[in-house]
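Readers should treat all values here as calculations from the given coordinates under stated rules, not as data from a laboratory. Not measured: the values here are computed from a predicted model. With ideal geometry, Cβ positions are generated from the backbone for all residues, glycine too; neighbour counts draw on all protein chains shown.
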Amino acid sequence: MLSLRVIEKDLLAEHIGNGNVVADFTMGNGNDTLWLAQRVGTYGRVYAFDIQEDALKNTEKLLAEKGCIEQCTLIHDSHHRLAEYIKEPIDAGIFNLGFLPGGDKRVTTLRETTLPAIEAAINAVKPGGCLLIAIYPGHEEGCIEGQLICEMLAKRDQRELSAYRFNVLNAPTSPYFVFIEFNPKYKKEDKQ
């Protein structure tokens, strides 16, 4: 059987390499942050966001253990404020929505901040870059978030980006992901 996690990483790996600038918009326990840090190497930069102190502690510990802390900037703030911290275009970004694994399941990402964060991330990604959004519809907020994200992306001009949804059709509440590729020839000023 196919693994959506493997497919996610394969799609991202096509766009991320040594020296790139990337973002983990929901660092959680740091697994995606670590994977990104290993992909961009010592000459790249990873910006990672989370609102929970435990997420920062867990991620910092993991990165230090793996020798990848130097290329990472850990940010204790909401991902919707990314423009306050990231002042350069990024090559790729990951959103892994929902709650902190092993944490308080009542603290989840919320549509009020997730949708503006995705919009800001779209504006931050270079032409030719990508975004990946993992969505968890097994809880009410995750279901609503997913619906709104898909509706928002369906309205985007395909000259700018293409958005794909990957899900298991016969498991409607299982996690799925949206992968966004940005046209390498599209210029941001073209949309004005």
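Things worth noting here:
- Once the Cβ-Cβ distance of Gln52 and Ala154 is raised to the sixth power relative to R0 = 35 Å, the FRET efficiency obtained is 0.70.
- In the chain, lysine pairs closer than 25 Å at Cα, eight or more apart or cross-chain: 23
- Here the contact order of the chain, divided by its residue count and restricted to Cα pairs under 8 Å and six or more residues apart, works out to 19 percent.
- Förster radius 35 Å - calculated FRET efficiency between Arg165 and Ala64, Cβ distance, rounded to 0.05: 0.45
- Taking the charge dipole of the chain about its Cα centre, with +1 at Lys and Arg Cβ atoms and -1 at Asp and Glu Cβ atoms, the residue from Thr42, Ala13, Gly67 reaching farthest to the positive side is Ala13.
- DSSP beta bridges in the chain [antiparallel fraction, %, rounded to 5]: 45
- For the range 36-98 versus the range 117-164, the spacing of their alpha-carbon centroids is 19 Å.
- Between Leu161 and Asn183, the built amide H atoms are under 5 Å apart, and every one of these is 5 or more places off in sequence or on another chain.
- Per residue, the convex hull spanned by the Cα atoms of the range 4-191 measures out at 112 cubic angstrom.
- Only DSSP H runs of four or more residues enter the estimate; each adds -39500 (n - 2.57), and after division by the residues of the chain the mean residue ellipticity at 222 nm equals -10000 deg cm²/dmol.
- When +1 charges are put on Lys and Arg Cβ atoms and -1 charges on Asp and Glu Cβ atoms, the dipole computed for the range 4-191 relative to its Cα centre reaches about 380 debye.
- Under the span-like rule (Cα at least 15 Å along the axis, Kyte-Doolittle mean at least 0.0), DSSP H helices of the chain: 111-124, 140-154
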